[in-house]
Amino acid sequence: MTQKSRVLIYSHDTFGLGHLRRCQGLAEAIVENFEHASVMILSGSPIIGSFEYRSRVDFVRVPGVIKLRNGEYTSLNPKIDIDETLSLRSSIIEHTASIYRPDIFIVDKEPYGLRGEVRPTLSLLKKQGTRLVLGLRDVLDDQEILAQEWARKDSYRALNDLYDDIWVYGLPSIYDPLAGLPISDAVRDKIIFTGYLRRQLPRFDPNHPQPFDGDPFILVTPGGGADGIELVDWVLRAYEAQERPLFPALIVLGPFMAHNDQQGFFERAQSLRNVKTMRFTPQLEPLINDAVALVGMGGYNTFCEALSFDKPTLLIPRVVPRREQAIRAEQAEKLGLCTHLPIDDYPDVSAITEALADLPDRPLPSQHFVPGLLDGWDTIRELLTPFLETPALKRSLP
């Protein structure tokens, strides 16, 4: 009987959808490309069960934690304090790893996990010979702030002593998240820029909504929505003012936007003939594909979706608790991959109206060629092949 290779993926999931969706995409790509591989995702997201998963992909949900806009953490369950929650999470993660015994362990973004919760698991798996991989998005934060944060968390030791590989899901021609950090040459040699992670239409595409009976529309998405209040309000102000003709807009508010804010936006949209709202869909890709243009905050997944479906894109990034989105938007705009409107201009109605009116006629991202831009999955497949494909093939031989 063929023995399956096992991949364990950790996502700390403290703010929005970005980490979960990146890890979900990685898991789906692994089982699609390696027939003898199975994947387990460790996640604290309360909506991880809302997504569909391929066969051989499963998940373990640990108790949820929220990162507040001031950078502090709190438990999703108000009856359990943050220290108890972190202790539970760490124990579940280590116990899962000890039983699952993965061939590869991929940690998303935080070298030791949320407040060090993955440190015991990393030590355990290192002793067992598991391949340890740190996966980083293209932009983490302002480099000076990141350098101080990683020094405080002792993250450089993890890069030196624990991790075998460091994957950056982006390109140095756009941004190097570790540039200027005090890392050794040995750590620098572990870094591989994969390219961005291409998004695809779902395998099973039920009759997704046609919000304006097939007429062209702009899709507006604040991602998870918890920090997207200003973006949605600003867009609605433009449609309420109607200073210029605008394409209809479909606004997907996001599952983490506060209920009162959602309700207020629903009511405002109902009075506008050319605006519709949705709370959430786990399959946003078909709507992006159908839209003539995209408006978002500049998170990693929204940026990948804009590139993948080749849409003129307006990014309005947040700047707290991190400047990650603003850095990405500024760098992408320099390369002609999107347009960028600083949140500092909020709530200038004329500024947002002009940006929305001009957006559908902006150049497509593909008109500004960047070598290797969306090669992420191809690169990752090549990186995983020696550890997943070859061992599985060998074990399956008589």
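Take the range 72-91 and flag every residue that is open to solvent by 50 Å² or more (accessible area, probe 1.4 Å) and among the aromatic types (Phe, Trp, Tyr).
Selection gives nothing.
Can you name the residue in the range 161-170 that is of a type in the set (Asp, Glu) and not in a helix (DSSP H, G or I) and is also farthest from Thr121 (Cα to Cα) among such residues?
It comes out as Asp165.
Restricting attention to the range 105-126, which residues are buried (at least 20 other Cβ atoms within 10 Å of the Cβ) and polar (S, T, N, Q)?
Answer for the range 105-126, where residues must be buried (at least 20 other Cβ atoms within 10 Å of the Cβ) and polar (S, T, N, Q): just Thr121.
Mind checking which pairs have a first residue in the range 338-364 that is under 16 Å from Gly228 (Cβ atoms) and β-branched (Val, Ile, Thr) and a second that is in a loop (DSSP other than H, G, I, E, B) and open to solvent by less than 40 Å² (accessible area, probe 1.4 Å), Cβ under 8 Å, 6 or more apart or different chains?
Matching pairs, first to second residue: Ile343/Ile316; Ile343/Pro317; Ile343/Arg318; Ile352/Leu341.
Determine, yes or no, whether Pro347 is in a loop (DSSP other than H, G, I, E, B) and more than 22 Å from Tyr300 (Cα to Cα). Write out each step before concluding.
On the way: in a loop (DSSP other than H, G, I, E, B): yes; more than 22 Å from Tyr300 (Cα to Cα): yes.
The answer is yes for Pro347.
Contact list please: Cβ distance under 6 Å, first residue in the range 150-166 and within 23 Å of Glu382 (Cβ to Cβ), second residue open to solvent by 20 Å² or more (accessible area, probe 1.4 Å) and among the aliphatic types (A, V, I, L, M), pairs at least six apart or on different chains.
Every condition considered, the pairs that remain are Ile166/Ile191.
If I filter the range 336-356 for residues that are open to solvent by 70 Å² or more (accessible area, probe 1.4 Å), in contact with a Ser or Thr (Cβ under 9 Å, 6 or more places away or on another chain) and not polar (S, T, N, Q), do I get at least one hit?
No, because not a single residue in the range 336-356 is open to solvent by 70 Å² or more (accessible area, probe 1.4 Å), in contact with a Ser or Thr (Cβ under 9 Å, 6 or more places away or on another chain) and not polar (S, T, N, Q).
Any residue in the range 297-316 that is among the β-branched types (Val, Ile, Thr) and open to solvent by 30 Å² or more (accessible area, probe 1.4 Å)? Spell out the reasoning first.
Here is the first cut: in the range 297-316, the ones among the β-branched types (Val, Ile, Thr) are 302, 313, 316.
Now drop any that are not open to solvent by 30 Å² or more (accessible area, probe 1.4 Å), which leaves none.
For the range 297-316, residues among the β-branched types (Val, Ile, Thr) and open to solvent by 30 Å² or more (accessible area, probe 1.4 Å): absent.
Exactly one of these conditions fails for Gln263: (1) at pLDDT 95 or above; (2) surrounded by 15 or more Cβ atoms within 10 Å (Cβ to Cβ). Give me its number.
(2)
Here are some residues: Ala179, Ala151, Ala186, Ala158. Which one is within 23 Å of the chain's Cα centre (by Cα) and in a helix (DSSP H, G or I)?
Working: Ala179 fails: in a helix (DSSP H, G or I); Ala151 fails: within 23 Å of the chain's Cα centre (by Cα); Ala186 fails: within 23 Å of the chain's Cα centre (by Cα).
Within the list Ala179, Ala151, Ala186, Ala158, the selection yields Ala158.
Among the numbered criteria (1) open to solvent by 10 Å² or more (accessible area, probe 1.4 Å); (2) outside any helix (DSSP H, G or I); (3) touching a helix residue (DSSP H, G or I) at 6+ places or on another chain (Cβ under 7 Å), which one does Ser173 miss?
If we test Ser173 against (1) open to solvent by 10 Å² or more (accessible area, probe 1.4 Å); (2) outside any helix (DSSP H, G or I); (3) touching a helix residue (DSSP H, G or I) at 6+ places or on another chain (Cβ under 7 Å), just (3) comes out false.
Would you confirm whether or not the range 14-37 contains a residue that is open to solvent by less than 50 Å² (accessible area, probe 1.4 Å), part of a strand (DSSP E or B), in contact with a strand residue (DSSP E or B) (Cβ under 6 Å, 6 or more places away or on another chain) and among the small types (Gly, Ala, Ser)?
Taking the range 14-37 and keeping what is open to solvent by less than 50 Å² (accessible area, probe 1.4 Å), we get 14-31, 34, 36-37.
The next check asks that each one be part of a strand (DSSP E or B); those that pass are 37.
Now narrow it down to the ones that are in contact with a strand residue (DSSP E or B) (Cβ under 6 Å, 6 or more places away or on another chain): 37.
Checking which are among the small types (Gly, Ala, Ser) leaves us with 37.
There is at least one residue in the range 14-37 that is open to solvent by less than 50 Å² (accessible area, probe 1.4 Å), part of a strand (DSSP E or B), in contact with a strand residue (DSSP E or B) (Cβ under 6 Å, 6 or more places away or on another chain) and among the small types (Gly, Ala, Ser).
Only one residue in Leu201, Leu236 is open to solvent by 10 Å² or more (accessible area, probe 1.4 Å) and aliphatic (A, V, I, L, M). Which one?
On the way: Leu236 fails: open to solvent by 10 Å² or more (accessible area, probe 1.4 Å).
The conditions single out Leu201.
Counting just the residues of the range 35-82 that are of a type in the set (D, E, K, R) and at pLDDT 90 or above, which one comes out farthest from the chain's Cα centre (by Cα)? Spell out the reasoning first.
Of all residues in the range 35-82, those of a type in the set (D, E, K, R) come to 35, 52, 54, 56, 58, 61, 67, 69, 72, 79, 81.
Narrowing further to those that are at pLDDT 90 or above: 35, 56, 58, 61.
Values: Glu35: 25, Arg56: 22, Asp58: 19, Arg61: 18 Å.
For the range 35-82, the residue satisfying everything is Glu35.
Answer yes or no as to whether Gly49 is open to solvent by 50 Å² or more (accessible area, probe 1.4 Å), without any contact (Cβ under 8 Å) to a residue 60 or more places away in the chain and at negative phi.
yes
The values are calculated or read from the model by the stated rules, or taken from the named source; none is laboratory data. Values in this document were obtained by computation on a predicted structure and should not be read as measured data. Don't worry about glycine lacking a Cβ; one is built from the backbone with ideal geometry, like all the others, and counts go over all protein chains shown. We work out accessible area using only protein heavy atoms, side chains counted, and drop any ligands, DNA or RNA first. Shrake-Rupley method; radii C 1.70, N 1.55, O 1.52, S 1.80 Å.
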